[in-house]
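The values are calculated or read from the model by the stated rules, or taken from the named source; none is laboratory data. Since the model is a prediction, treat every value here as computed from it, not as a measurement. Note that each Cβ is placed from the backbone with ideal geometry, even for glycine, and that neighbours are counted across all protein chains shown. For accessibility, only protein heavy atoms count, side chains too; no ligands or nucleic acids. Shrake-Rupley method; radii C 1.70, N 1.55, O 1.52, S 1.80 Å.
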Amino acid sequence: MKQYLMLITIAIFLYSCNSKIDPETYSQYQKRGGEISNLAQSVLLANVGQAIQKGGPVYAVEFCNLQASAIIDSLNTANNCVISRVSEKNRNASNNLKTSSDKNLWAVFAAGTTKDTIVQENKKLIYYKPIKIALPACLKCHGETGSDIDPATSEKLQNLYPADLATGYKLNDFRGLWKVEFSTE
(Lines give C-alpha, C1' and ligand atoms only; values in the text may rest on other atoms or scores of the structure.)
Protein backbone atom coordinates (compact mmCIF):
# COMPACT_ATOMS: atom_id res chain seq x y z
CA MET A 1 0.00 0.00 0.00
CA LYS A 2 2.81 2.40 0.93
CA GLN A 3 4.60 1.72 -2.38
CA TYR A 4 1.34 2.33 -4.28
CA LEU A 5 0.89 5.71 -2.56
CA MET A 6 4.49 6.63 -3.36
CA LEU A 7 3.96 5.84 -7.06
CA ILE A 8 0.77 7.95 -7.13
CA THR A 9 2.64 10.86 -5.48
CA ILE A 10 5.45 10.55 -8.00
CA ALA A 11 3.01 10.40 -10.93
CA ILE A 12 1.25 13.56 -9.67
CA PHE A 13 4.61 15.29 -9.23
CA LEU A 14 5.72 14.41 -12.76
CA TYR A 15 2.38 15.44 -14.24
CA SER A 16 2.41 18.80 -12.45
CA CYS A 17 6.00 19.49 -13.55
CA ASN A 18 5.44 18.42 -17.13
CA SER A 19 1.94 19.84 -17.62
CA LYS A 20 3.32 23.39 -17.98
CA ILE A 21 5.53 22.42 -20.92
CA ASP A 22 3.91 22.28 -24.33
CA PRO A 23 4.51 18.98 -26.18
CA GLU A 24 6.70 20.49 -28.92
CA THR A 25 8.99 22.21 -26.39
CA TYR A 26 9.09 19.06 -24.26
CA SER A 27 10.12 16.95 -27.25
CA GLN A 28 12.73 19.50 -28.39
CA TYR A 29 14.41 19.72 -24.97
CA GLN A 30 14.12 15.99 -24.34
CA LYS A 31 16.02 15.37 -27.59
CA ARG A 32 18.61 18.06 -26.84
CA GLY A 33 19.06 16.86 -23.25
CA GLY A 34 19.55 13.30 -24.46
CA GLU A 35 22.16 14.40 -26.98
CA ILE A 36 24.04 16.51 -24.44
CA SER A 37 23.99 13.84 -21.72
CA ASN A 38 25.15 11.21 -24.24
CA LEU A 39 27.98 13.53 -25.31
CA ALA A 40 28.99 14.21 -21.69
CA GLN A 41 28.93 10.48 -20.90
CA SER A 42 31.00 9.55 -23.95
CA VAL A 43 33.57 12.33 -23.40
CA LEU A 44 34.00 11.38 -19.73
CA LEU A 45 34.22 7.65 -20.49
CA ALA A 46 36.77 8.24 -23.26
CA ASN A 47 38.93 10.36 -20.96
CA VAL A 48 38.65 7.94 -18.06
CA GLY A 49 39.45 5.04 -20.40
CA GLN A 50 42.60 6.83 -21.55
CA ALA A 51 43.55 7.53 -17.94
CA ILE A 52 43.11 3.84 -17.05
CA GLN A 53 45.29 2.85 -20.01
CA LYS A 54 47.93 5.39 -19.01
CA GLY A 55 48.19 4.60 -15.31
CA GLY A 56 45.50 2.17 -14.18
CA PRO A 57 42.55 2.81 -11.88
CA VAL A 58 44.59 4.78 -9.31
CA TYR A 59 45.64 7.25 -11.99
CA ALA A 60 42.04 7.40 -13.31
CA VAL A 61 40.71 8.33 -9.86
CA GLU A 62 43.20 11.18 -9.62
CA PHE A 63 42.40 12.23 -13.20
CA CYS A 64 38.67 12.38 -12.41
CA ASN A 65 39.33 14.35 -9.25
CA LEU A 66 41.33 16.96 -11.17
CA GLN A 67 39.72 17.00 -14.63
CA ALA A 68 36.09 15.80 -14.65
CA SER A 69 34.69 19.18 -13.59
CA ALA A 70 36.73 21.04 -16.23
CA ILE A 71 35.51 18.65 -18.93
CA ILE A 72 31.88 19.20 -17.92
CA ASP A 73 32.44 22.98 -17.68
CA SER A 74 33.71 23.05 -21.28
CA LEU A 75 30.62 21.12 -22.41
CA ASN A 76 28.41 23.57 -20.47
CA THR A 77 29.91 26.47 -22.39
CA ALA A 78 29.74 24.72 -25.76
CA ASN A 79 26.07 23.73 -25.25
CA ASN A 80 24.77 26.80 -23.37
CA CYS A 81 23.46 24.76 -20.45
CA VAL A 82 24.49 23.48 -17.02
CA ILE A 83 25.36 19.78 -16.96
CA SER A 84 25.76 17.93 -13.69
CA ARG A 85 25.55 14.46 -12.22
CA VAL A 86 23.53 13.93 -9.07
CA SER A 87 23.28 10.88 -6.86
CA GLU A 88 22.05 9.69 -3.50
CA LYS A 89 25.35 7.77 -3.30
CA ASN A 90 27.75 10.44 -4.52
CA ARG A 91 31.51 10.46 -4.58
CA ASN A 92 31.83 14.21 -4.75
CA ALA A 93 29.62 15.96 -2.17
CA SER A 94 28.73 18.67 -4.71
CA ASN A 95 26.85 15.96 -6.66
CA ASN A 96 24.31 15.28 -3.92
CA LEU A 97 20.54 15.55 -4.43
CA LYS A 98 19.91 19.24 -3.78
CA THR A 99 16.44 20.18 -4.99
CA SER A 100 13.05 18.64 -4.31
CA SER A 101 12.94 17.67 -8.00
CA ASP A 102 16.29 15.86 -7.62
CA LYS A 103 14.99 13.95 -4.61
CA ASN A 104 11.56 13.13 -6.04
CA LEU A 105 12.91 12.09 -9.41
CA TRP A 106 15.57 9.95 -7.75
CA ALA A 107 12.73 7.77 -6.43
CA VAL A 108 11.11 7.61 -9.88
CA PHE A 109 14.33 6.55 -11.60
CA ALA A 110 15.30 4.15 -8.80
CA ALA A 111 11.92 2.43 -9.30
CA GLY A 112 12.72 2.17 -13.03
CA THR A 113 9.45 3.81 -14.06
CA THR A 114 10.91 6.23 -16.62
CA LYS A 115 13.95 6.53 -18.91
CA ASP A 116 14.25 10.33 -18.98
CA THR A 117 12.11 13.36 -18.33
CA ILE A 118 11.92 17.14 -18.43
CA VAL A 119 10.68 19.26 -15.55
CA GLN A 120 10.16 23.00 -15.35
CA GLU A 121 11.40 24.98 -12.38
CA ASN A 122 11.02 28.73 -12.46
CA LYS A 123 12.57 29.83 -15.75
CA LYS A 124 14.50 26.62 -16.38
CA LEU A 125 13.75 23.39 -18.17
CA ILE A 126 15.67 20.54 -16.58
CA TYR A 127 16.38 17.25 -18.29
CA TYR A 128 17.03 14.16 -16.15
CA LYS A 129 18.34 10.80 -17.37
CA PRO A 130 19.56 7.77 -15.39
CA ILE A 131 23.21 6.77 -15.23
CA LYS A 132 23.88 3.05 -14.91
CA ILE A 133 27.07 1.09 -14.34
CA ALA A 134 27.40 0.08 -17.97
CA LEU A 135 30.96 -1.19 -18.32
CA PRO A 136 33.02 -3.66 -16.29
CA ALA A 137 35.79 -1.02 -16.15
CA CYS A 138 33.44 1.20 -14.08
CA LEU A 139 33.56 -1.38 -11.30
CA LYS A 140 37.29 -0.75 -10.82
CA CYS A 141 36.29 2.46 -8.98
CA HIS A 142 32.58 1.94 -8.25
CA GLY A 143 32.35 -1.80 -7.51
CA GLU A 144 32.91 -3.77 -4.32
CA THR A 145 35.93 -2.77 -2.25
CA GLY A 146 38.30 -5.72 -1.95
CA SER A 147 37.02 -7.62 -4.98
CA ASP A 148 36.40 -5.13 -7.81
CA ILE A 149 38.36 -2.23 -6.32
CA ASP A 150 42.00 -3.07 -5.58
CA PRO A 151 43.64 -1.84 -2.35
CA ALA A 152 45.70 0.94 -4.02
CA THR A 153 42.59 2.35 -5.74
CA SER A 154 40.62 2.10 -2.51
CA GLU A 155 43.32 4.03 -0.68
CA LYS A 156 43.38 6.75 -3.39
CA LEU A 157 39.57 7.02 -3.20
CA GLN A 158 39.74 7.41 0.59
CA ASN A 159 42.41 10.10 0.32
CA LEU A 160 40.65 12.14 -2.38
CA TYR A 161 37.04 11.46 -1.34
CA PRO A 162 36.91 10.71 2.41
CA ALA A 163 33.09 10.77 2.42
CA ASP A 164 32.77 8.60 -0.74
CA LEU A 165 29.43 6.82 -1.06
CA ALA A 166 29.82 5.70 -4.70
CA THR A 167 31.00 2.11 -4.27
CA GLY A 168 29.30 -1.25 -3.90
CA TYR A 169 27.74 -1.27 -7.36
CA LYS A 170 27.31 -4.17 -9.74
CA LEU A 171 27.07 -4.07 -13.52
CA ASN A 172 23.85 -2.35 -14.74
CA ASP A 173 23.02 -0.87 -11.30
CA PHE A 174 21.37 2.56 -11.21
CA ARG A 175 24.17 4.93 -10.13
CA GLY A 176 22.95 8.49 -10.60
CA LEU A 177 21.24 11.02 -12.83
CA TRP A 178 22.43 13.28 -15.58
CA LYS A 179 20.89 16.68 -15.00
CA VAL A 180 20.97 19.21 -17.85
CA GLU A 181 19.55 22.65 -17.06
CA PHE A 182 18.39 24.98 -19.83
CA SER A 183 17.51 28.61 -19.18
CA THR A 184 14.31 29.70 -20.93
CA GLU A 185 14.98 33.42 -20.50
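Annotation: per residue accessible area for the chain equals 56 Å², rounded to a whole number [probe 1.4 Å, protein chains only]. Available extension along the chain between Ala110 and Glu181 is 23.5 nm, counting 0.36 nm per residue and deducting the alpha carbon span. When only the Cβ of Lys, Arg, Asp and Glu is charged (+1, +1, -1, -1), the dipole of the chain relative to its Cα centre reaches about 240 debye. Starting from the Cα gyration tensor of the range 50-96, take the square roots of the eigenvalues, sort them a ≥ b ≥ c, and report rounded, prolate or oblate (rounded when a/c is under 1.5, otherwise prolate if a/b is larger than b/c, else oblate). Oblate, since a/c reaches 1.5 and b/c is not below a/b.
Can you send over the carbon and sulfur percentage of the accessible area for the chain, probe radius 1.4 Å, protein chains only?
C and S fraction of accessible area: 54 percent.
Compared with the direct C-alpha span, the chain from Asp173 to Ser74 gains 32.8 nm at full extension, assuming 0.36 nm per residue. The angle between the Cα long axis of helix 23-79 and the main principal axis of the chain comes to about 10°, on a 0 to 90 degree scale. Computed from Cα atoms, the angle from the helix 100-110 axis to the main principal axis of the chain rounds to 70 degrees. With everything on Cα atoms, drop me the angle between helix 151-160 and the longest principal axis of the chain, reported from 0 to 90° to the nearest 10. With both axes taken from Cα atoms, the answer is about 60 degrees. Between the residues Thr117, Tyr59, Asn92, the greatest Cα displacement towards the positive end of the dipole of the range 22-175, with unit charges on the Cβ of Lys, Arg, Asp and Glu, is found for Thr117. Annotation: amide H-H contacts under 5 Å for Asn90 (H modelled 1.01 Å from N, sequence separation of 5 or more, or interchain): Leu165.
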